[in-house]
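Undergrad: Input: one structure, supplied below.
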Amino acid sequence: MFTCKKNLAGLNLAQLTDFIREMGEKKFRAKQIYHAMYNRRLSDFNDMTDLSLDFRRRLEEFAVIRWPQTASVIKSSLDKTRKFLFKLEDDEYIESVLMDEGDRMTLCVSSQAGCALRCNFCATGSLGFKRNLSAGEIIGQLVTAQKESDKRITNIVLMGMGEPLLNYENTVLALKLFTDGDGLGISSRRITLSTVGVIPGIERMTDDRLPCKLALSLNAPNQKSREKLIPVAKKYPLKELLPALHRYEKSTRHRVTFEYVLIGGINDSVEDARRLKRTLGGFTAKLNLIEYNPFPQMSVGKNNSNKFKQPESGRIEAFRHELERPGLTVMLRKSRGADIAAACGQLCLNKNKSAS
């Protein structure tokens with residue numbers, strides 16, 4: 001019947017039903033497994049005691065539930081942030097970051113192993129692109145991280161390694177599993193997908209009305225300076241990207257959140273703030289300012305002596321003050337887990353350097 005054991009992790013109910021039928025079982029069994037695997041977070045068939053012993057034995061013969069393996073967990077001494085390094089079945093590695101924000105537990109998950117976009121300030125870009133993650137590998141970061149936390153994970157941000165809109169199909173399947181009440185049960189209002197601005201993906205999101213909020217990783221005040229930080233900005237320029245975001249807001253009635261990483265001496269001047277305010281002039285928006293999380297091994301472009309750095313506190317306050325206007329909510333988010341290489345890709349990059 002099957003040449004090897006089927007990994008059920010990441011299958012939706014329809015896919016599980018097809019598998020159960022191939023086993024010659026009735027389809028209601030698929031709902032039992034679905035609920036046990038996602039809602040109860042069980043990965044051992046023997047723990048699914050509502051299933052008959054005979055059926056559990058048959059499942060063990062033909063199937064397995066295998067999530068990403070935890071290679072390491074590092075805890076910050078500065079805050080309650082935890083950084084996960086996960087090992088995948090093909091020996092690739094990905095990262096997740098769990099942030100304890102008091103009334104919220106937010107998990108930042110990856111959508112790809114590595115990234116093809118090579119943003120100049122991002123450690124993940126230095127790794128290059130390995131492959132897309134499956135839906136099971138995306139949601140498996142939550143399933144596995146939850147076992148390490150004594151508090152329930154309430155929020156998901158797809159802001160880890162990779163560009164989720166370049167892994168659209170698997171990201172959509174993962175979102176549906178995240179938000180299904182019989183599945184992982186995370187409210188769609190508590191899930192945010194962050195993109196660097198892949199316009200075709202944003203247009204698909206608009207048409208498909210994905211169960212999540214949208215954030216744009218902007219990081220520069222205008223097109224010219226954005227191209228220096230984000231090479232793909234040349235392919236998806238602001239003059240086309242901003243109208244696509246307007247269409248998203250009009251169609252979905254959801255506000256876009258803009259993310260702006262403040263890098264010392266690069267994009268943090270008062271004049272940069274004025275340019276940014278003009279760029280966002282047509283939006284009633286939320287703007288998250290994020291202090292750059294420095295990483296000694298990272299450098300700007302090809303000049304190894306010109307390293308990115310954190311902005312000075314005075315420049316941050318001046319930047320934020322200049323942005324204040326009606327309709328623009330500006331939030332300053334402190335860099336978290338700076339002592340544990342918590343920014344995207346830093347742990348994997350460190351691992352690769354140690355191995356070489």
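The values are calculated or read from the model by the stated rules, or taken from the named source; none is laboratory data. This is a predicted model, so every value here is computed, not measured. Don't worry about glycine lacking a Cβ; one is built from the backbone with ideal geometry, like all the others, and counts go over all protein chains shown. Heads up: the accessible areas ignore ligands, DNA and RNA and are worked out on the full protein's heavy atoms, side chains in. Shrake-Rupley method; radii C 1.70, N 1.55, O 1.52, S 1.80 Å.
Undergrad: Over the Cα atoms of the stretch 135-219, what radius of gyration and what Dmax do you get, in Å?
TA: Answer for the stretch 135-219, Rg first and Dmax second: 12.7, 39 Å.
Undergrad: Taking the DSSP beta bridges in the chain as the whole, what percent of them are antiparallel, to the nearest 5?
TA: Roughly 45 percent of the beta bridges in the chain run antiparallel, per DSSP.
Undergrad: Could I ask something else about it? In degrees between 0 and 90, to the nearest 10, how far off the longest principal axis of the chain does helix 346-355 point, with axes built from Cα atoms?
TA: Rounded to the nearest ten degrees, it is 80.
Undergrad: Among the listed pairs 6/213; 27/151; 147/309; 80/147; 224/277; 6/87, give every one whose C-alpha distance is greater than 24 Å.
TA: The answer is 6/213; 27/151; 147/309.
Undergrad: With the other protein chains left in place, how much accessible area per residue, in square angstrom, belongs to the chain at a 1.4 angstrom probe?
TA: So the chain comes to 46 Å² accessible per residue, rounded to a whole number.
Undergrad: Pairing the Cα long axis of helix 13-22 with the longest principal axis of the chain, what angle in degrees results, from 0 to 90 and rounded to the nearest 10?
TA: Approximately 30 degrees, to the nearest 10.
Undergrad: With Cβ to Cβ distances under 12 Å as the rule, what net charge do the other residues near residue 28 carry (K, R +1; D, E -1)?
TA: In short, +3.
Undergrad: In square nanometres, what is the average projected area of the Cα convex hull of the stretch 17-128?
TA: Result: 10.4 nm².
Undergrad: In the P(r) worked out for the stretch 176-234, what percent of Cα pairs fall beyond 19 Å?
TA: Percentage above 19 Å: 43.
Undergrad: Round to a whole number: what % of the accessible area of the chain belongs to carbon and sulfur, probe 1.4 Å?
TA: In the chain, the share of accessible area belonging to carbon and sulfur is 47 percent.
Undergrad: How large is the Kirkwood hydrodynamic radius of the stretch 144-297, counting all unique pairs of alpha carbons, in Å?
TA: One over the average 1/r among Cα pairs gives 16.7 Å for the stretch 144-297.
Undergrad: How big is the chain along each principal axis, measuring the range of its Cα positions in Å and listing the largest first?
TA: Sorted from largest, the Cα extents of the chain read 70, 48, 37 Å.
Undergrad: Okay, next question. Give the whole-number value, in cubic angstrom per residue, of the convex hull volume spanned by the C-alpha atoms of the stretch 76-164.
TA: Cα convex hull per residue, to the nearest whole number: 105 Å³.
Undergrad: Nearest 5 percent is fine: what portion of the DSSP beta bridges confined to the stretch 1-103 is antiparallel?
TA: If I count the DSSP bridges inside the stretch 1-103, around 85 percent turn out antiparallel.
Undergrad: While we're looking at this one, here's another question. Counting only the heavy atoms of the protein chains, how much of residue 176 is accessible to a 1.4 Å probe, in Å² to the nearest 10?
TA: For residue 176, solvent-accessible area is about 120 Å².
Undergrad: Here is a further query. What translational D, rounded to a whole number of µm²/s, comes out for the stretch 63-106 from Stokes-Einstein when the hydrodynamic radius is the Kirkwood one over Cα pairs, at 10 °C and 1.306 mPa s?
TA: Rounded to a whole number, D works out at 135 µm²/s.
Undergrad: With the contact rule set at Cα under 8 Å and sequence spacing of 6 or more, what percent relative contact order holds for the stretch 161-287?
TA: 24
Undergrad: Ratio of alpha-carbon Rg to the 2.2 N^0.38 Å globular estimate for the stretch 32-80, to two decimals, please.
TA: 1.61
Undergrad: Determine the sum of side-chain charges near residue 198: Lys and Arg each +1, Asp and Glu each -1, restricted to other residues whose C-beta is under 10 angstrom from that of residue 198.
TA: Once all neighbours under 10 Å are counted, the net charge is 0.
Undergrad: Moving on to the next point. Taking only C-alpha pairs under 8 Å that are 6+ residues apart, what is the relative contact order of the chain in percent?
TA: 16
Undergrad: In whole angstrom, and with the biggest value first, how far do the Cα coordinates of the stretch 116-171 range along each principal axis?
TA: 36, 26, 16
Undergrad: Please work out, to two decimal places, the log10 of the ratio I(q)/I(0) at q = 0.24, 0.29 Å⁻¹ from a Debye calculation in which every Cα of the stretch 1-45 carries one identical scatterer.
TA: Calculated log10 I(q)/I(0) at the listed q: -0.87, -1.17.
Undergrad: Now for a separate question. Would you tally the net charge around residue 176, using a Cβ to Cβ cut-off of less than 13 Å, leaving residue 176 out, and scoring K and R as +1, D and E as -1?
TA: Residues near residue 176 contribute -3 overall.
Undergrad: Mind checking the alpha-carbon convex hull of the stretch 245-292 and giving the volume per residue in Å³?
TA: 71
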